[in-house]
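Asker: Here it is, the structure in full.
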Amino acid sequence: MSTAEQQPENPEKTSPGTSDALLGPADIRELAAALGVRPTKQKGQNFVIDANTVRRIVRTAEVRPDDVVVEVGPGLGSLTLALLEAADRVVAVEIDDILAAALPATIEARMPAKKDRFALVHSDAMLVTELPGPPPTALVANLPYNVAVPVLLTMLDRFPTIERTLVMVQAEVADRLAAEPGNKVYGVPSVKANWYAHVKRAGSIGRKVFWPAPNVDSGLVSLVRRTEPIKTSATKAEVFAVVDAAFAQRRKTLRAALAGWAGSAAGAEAALVAAGVSPQARGESLTVEEFAAIAEHKPAAQRPAL
């Protein structure tokens with residue numbers, strides 16, 4: 001993390017160069033009051049109220065002038081406006097009826113020159129299968145904590161043109177996503193994210209830049225899509241089935257944990273040996289490539305009929 005990123009954010013102050021188009025603490029609260037919006041834990045709503053923070057997110061995401069950025073959960077538009085400053089186009093996916101209805105007006109009022117470069121999809125991100133306009137090249141979002149991992153994986157799966165992703169999530173989730181084999185928090189999110197991309201931690205975000213301030217810290221996670229997919233004859237679903245089975249009983253050896261998946265402990269051992277993995281190993285020590293190798297050697301009797 002750079003020296004600038006280590007400095008504590010102060011949401012009540014913005015730098016002299018901050019554009020008036022971006023939303024500050026007073027703007028956010030005034031807009032929320034006008035809409036009758038009170039952030040709810042149920043929807044995982046914590047609005048960013050600091051212009052410096054959203055600019056930092058855009059900078060860390062390396063958003064380019066030719067990027068088509070998809071944002072999930074734009075809320076009142078703090079990050080959306082900063083993305084519009086830097087990108088060619090922004091498509092925001094918002095599930096909340098009131099927030100979705102208000103966002104286009106906020107964009108037009110604060111950044112009228114970019115209103116035609118903005119599109120809104122009023123939907124649950126888990127249900128979105130297509131987006132308006134050119135294919136997205138980047139995903140940048142402050143993801144609701146309660147659905148962060150499934151939303152992230154779904155977007156990466158459905159929109160393969162997304163090359164670069166930067167998401168802000170709960171610090172604990174950020175650690176899990178970026179964990180490497182052997183780390184105690186390495187698990188299902190780590191492996192599945194690695195199926196799509198190279199993942200790393202990209203910084204921390206303090207609590208004071210949110211309204212309301214959450215009682216957990218936040219972290220940034222960078223994901224750069226693999227230029228070449230994992231080399232395997234197994235499908236993604238087959239690999240993920242092995243991952244899910246391995247971590248469902250993570251304290252057990254893979255021979256025991258994969259017994260159900262393989263039909264028996266002996267079948268699991270045969271698949272593991274064929275894949276070059278020790279039957280006594282545990283899931284937390286394996287790379288995504290090793291999980292793929294195991295999936296390739298699933299006992300024939302357990303494979304679905306064609």
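The values are calculated or read from the model by the stated rules, or taken from the named source; none is laboratory data. The shown structure was predicted, so the numbers you read here are calculated from the model rather than taken from an experiment. Every residue, glycine as well, gets a Cβ built from its backbone with ideal geometry; the counts of neighbours run over all protein chains shown. Accessible surface areas use protein heavy atoms only, side chains included; no ligands, DNA or RNA. Shrake-Rupley method; radii C 1.70, N 1.55, O 1.52, S 1.80 Å.
Asker: Compactness ratio of the chain: Cα Rg over 2.2 N^0.38 Å, N = residue count?
Answerer: 1.10
Asker: Between V185 and E296, what is the FRET efficiency for a Förster distance of 25 Å, r being their Cβ-Cβ separation, to the nearest 0.05?
Answerer: FRET efficiency, V185 to E296: 0.40.
Asker: If packing is taken as the average number of other Cβ atoms within 10 Å across a peptide's residues, how do 76-89, 173-186 rank, most packed first?
Answerer: With the highest mean Cβ count within 10 Å placed first, the list reads 76-89, 173-186.
Asker: Peptides 268-274, 230-236, 154-160: what's the order by average Cβ count within 10 Å, highest mean first?
Answerer: 268-274, 154-160, 230-236
Asker: Evaluate the distance, in nm, between pseudo-label points positioned 7 Å from the Cα of D97 and of K200 along their respective Cα→Cβ axes.
Answerer: Result: 4.5 nm between the two label points.
Asker: Counting other Cβ atoms within 10 Å, keep those with at most 13, restrict to DSSP loop, and tell me which chymotrypsin sites (Phe, Trp or Tyr not before Pro) in the range 203-306 are left.
Answerer: Qualifying residues, ordered by number: none.
Asker: How much of the accessible area of the chain, in percent, comes from carbon and sulfur atoms when a 1.4 Å probe is used?
Answerer: Ligands and nucleic acids excluded, carbon and sulfur give 52 percent.
Asker: Go through K184/K208; K114/K208; K200/K236; K208/K252; K231/K252 and tell me which ones have a Cα-Cα distance over 31 Å in this structure.
Answerer: Violating the 31 Å limit, Cα to Cα: K208/K252.
Asker: So how far apart, in nm, are the two label points at R207 and R250 if each is 7 Å from Cα heading toward Cβ?
Answerer: With each label placed 7 Å out from Cα toward Cβ, I get 2.5 nm.
Asker: Using C-alpha positions alone, give me the convex hull volume of the range 230-306 per residue in cubic angstrom.
Answerer: 77
Asker: Could you give the length gained on full extension between A109 and R38, defined as 0.36 nm per residue of separation minus the Cα-Cα distance, in nm?
Answerer: That works out to 23.4 nm of additional length.
Asker: Starting from the 7 Å offset along Cα-to-Cβ, what nm value, one decimal, do you get for the label separation of Q280 and V224?
Answerer: Label-label distance for Q280 and V224, simple model: 3.8 nm.
Asker: Residue separation times 0.36 nm, minus the C-alpha to C-alpha distance between T161 and S233: what's the value?
Answerer: 23.7 nm
Asker: Further question on the same structure: Name the most mobile residue of K200, K114, K192, meaning the one with the largest mean-square fluctuation, in a Gaussian network model of the chain with Cα contacts below 10 Å.
Answerer: It is K114.
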